Structures are given as structure tokens and as C-alpha cells.
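Asks: Sharing a structure with you now.
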Amino acid sequence: MDFITTNRLGWALNAPLFADPRRPVNNARFVFLNEEASRQFYLDWEKGADDIVAAMRSYAGQRPHDKPLTDLIGELVTRSDAFRTRWAAHNVRFHRTGVKRLHHPVVGDLELTYEGLDLPADPGWHLYTFTAAPGTPSDERLRLLASWAATLEHENTGRHPADADASDNA
């Protein structure tokens, strides 16, 4: 659930997650420990929360000695009732394709199709792509978001935040 790196548009799209200064950015931590903000951002929060926990349960079964993963699970179990309840359900599944509906604070509602690709050279790593159907309001809003992201500069370094995150995690 960690964001290892992203491009400018990915950073802009996921800006609410990057608002937390902890690195790496982690989607599970955002959803369950910043529930108010994540419920505003993810329009299908319940389904997304279920999917995150089911995927984490699958990862934990495949890698039971992964300390960062077990630490994250422990943190979420102790700090989030929503996570704890879902974790106890023992659901396991992967979702590599689907639709994400977001409410972005800058451009409004977006409906994006996503696909996750496994990276065989790096087991456990996945690349996710998000697209909007051409000519839709989401397509227009995504283009607006790309324009907005292109104008941003990192406040202290003169670099764009996505550039800083990518170089810090590369």
C-alpha cells in the first residue's frame, strides 16, 4: 500500500495522501487513520476499505515475516475500529482492475478506470495506471489537474513535490 514513486499527475491526483508528512505515503494508513479526509476523497470508501484489507490479508499470508507489513497491520488494528472489524472478517482477494471514483479538492469528481500490473522482476511490486474515458467530464478534469500540477513548485527546494518524492525513494 506504499507509494514508492509517482509522476506529477499521480502526485496531484493523490494530493490528499501526500498531505501527510510521513513517508512513504501509504494508502491503507490514509484510509484508516485519516478516515474523515479519506471518506471525502474516496467516494466509494466502504468498498475501497474492504478491498485494501482483503489485499493486505493476502499479502500477509504470502509474506508472514514481512516486518514493515506486520508493523502496519498492528498499527491499523490498534488505532482503527474500521480496519480491525474488516481484518477480523478474513476476506482475501486481489483487485487489479476496476473503477475509482474520487472527489478531488481542486477539480471535483473523477471517475477513473484503473489497472494493476505485476512487476515480475520485483515480486510484490505493482504498477497502477489510471485513465479517464476520452471526452468525459473526468477526462476534462484530469487535463485541468495536469495543468494545475505543471504549475506547482516545491516551496523550499524549487522542485516539484513529485520530483522530490521520486528522488528520495529511488
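Asks: Just to be sure I understand, how many residues within the stretch 67-97 are touching a strand residue (DSSP E or B) at 6+ places or on another chain (Cβ under 6 Å) and not charged (D, E, K, R)?
Replies: At the first step, the residues of the stretch 67-97 found to be touching a strand residue (DSSP E or B) at 6+ places or on another chain (Cβ under 6 Å) are 96-97.
Retained after the next criterion (residues that are not charged (D, E, K, R)): 97.
The number of residues fulfilling the criteria is 1.
Asks: Please work out which one of (1) within 17 Å of the chain's Cα centre (by Cα); (2) at pLDDT 90 or above is the condition residue 117 fails and give its number.
Replies: (2)
Asks: If you go through the stretch 120-144, how many residues are open to solvent by less than 70 Å² (accessible area, probe 1.4 Å) and at pLDDT 95 or above?
Replies: Result for the stretch 120-144: 7.
Asks: Identify, please: which residue in the stretch 30-49 is open to solvent by less than 50 Å² (accessible area, probe 1.4 Å) and not aliphatic (A, V, I, L, M) and is, among those, farthest from residue 110 (Cα to Cα)?
Replies: Quick first cut of the stretch 30-49, residues open to solvent by less than 50 Å² (accessible area, probe 1.4 Å) only: 30-33, 37-38, 41-42, 45, 48-49.
Filter again for not aliphatic (A, V, I, L, M), leaving 30, 32, 38, 41-42, 45, 48.
Values: 30: 19, 32: 22, 38: 15, 41: 10, 42: 10, 45: 14, 48: 15 Å.
Here the residue is 32.
Asks: Kindly check whether there is at least one residue in the stretch 130-145 that is closer than 22 Å to residue 24 by Cα and under 20 Å from the mean Cα position of the chain (by Cα). Walk me through it before giving the result.
Replies: So the first thing to find is which residues in the stretch 130-145 are closer than 22 Å to residue 24 by Cα, and the list is 130.
Now restrict to residues that are under 20 Å from the mean Cα position of the chain (by Cα): 130.
Yes: the stretch 130-145 contains one or more residues that are closer than 22 Å to residue 24 by Cα and under 20 Å from the mean Cα position of the chain (by Cα).
Asks: If you don't mind, there's one more thing I want to ask. Does the stretch 155-166 include one or more residues that are open to solvent by less than 90 Å² (accessible area, probe 1.4 Å) and at pLDDT 80 or above?
Replies: No, the stretch 155-166 has no match at all.
Asks: Is there a residue being charged (D, E, K, R) and touching a residue at least 40 places away in the same chain (Cβ under 8 Å) anywhere in the stretch 109-126?
Replies: For the stretch 109-126, residues charged (D, E, K, R) and touching a residue at least 40 places away in the same chain (Cβ under 8 Å): present.
Asks: If you take the residues in the stretch 76-97 that are of a type in the set (Gly, Ala, Ser) and touching a residue at least 24 places away in the same chain (Cβ under 8 Å), which one is nearest to residue 139 (Cα to Cα)?
Replies: Taking the stretch 76-97 and keeping what is of a type in the set (Gly, Ala, Ser), we get 80, 82, 88-89.
Narrowing further to those that are touching a residue at least 24 places away in the same chain (Cβ under 8 Å): 80, 82, 89.
Working: 80: 35, 82: 33, 89: 37 Å.
The extreme case among them is 82.
Asks: What pairs can you find where one residue is in the stretch 14-36 and closer than 16 Å to residue 69 by Cα, the other is open to solvent by less than 30 Å² (accessible area, probe 1.4 Å) and assigned to a loop (DSSP other than H, G, I, E, B), and their Cβ atoms are less than 6 Å apart, with a gap of 6+ or different chains?
Replies: 32/80
Asks: What about residue 116, is it surrounded by 14 or more Cβ atoms within 10 Å (Cβ to Cβ) and either among the small types (Gly, Ala, Ser) or closer than 13 Å to residue 9 by Cα (or both)? Reasoning before the result, please.
Replies: Values: surrounded by 14 or more Cβ atoms within 10 Å (Cβ to Cβ): yes; either among the small types (Gly, Ala, Ser) or closer than 13 Å to residue 9 by Cα (or both): yes.
Yes; evaluated as a whole, the condition is true for this residue.
Asks: Here's a follow-up. Among (1) β-branched (Val, Ile, Thr); (2) crowded, with 18+ Cβ neighbours inside 10 Å; (3) within 16 Å of the chain's Cα centre (by Cα), where does residue 73 come up short?
Replies: (3)
Asks: Tell me, which residue of the stretch 1-16 that is under 25 Å from residue 59 (Cα atoms) and at pLDDT below 90 is least open to solvent (accessible area, probe 1.4 Å)?
Replies: Restricting to residues being under 25 Å from residue 59 (Cα atoms) and at pLDDT below 90, the top hit is 6.
The values are calculated or read from the model by the stated rules, or taken from the named source; none is laboratory data. Please read these numbers as outputs of a predicted model, since none were measured by experiment. Cβ sites come from the backbone with ideal geometry, for glycine too, and all protein chains shown count toward neighbours. These accessible areas exclude ligands, DNA and RNA; they are computed on the full protein's heavy atoms, side chains included. Shrake-Rupley method; radii C 1.70, N 1.55, O 1.52, S 1.80 Å.
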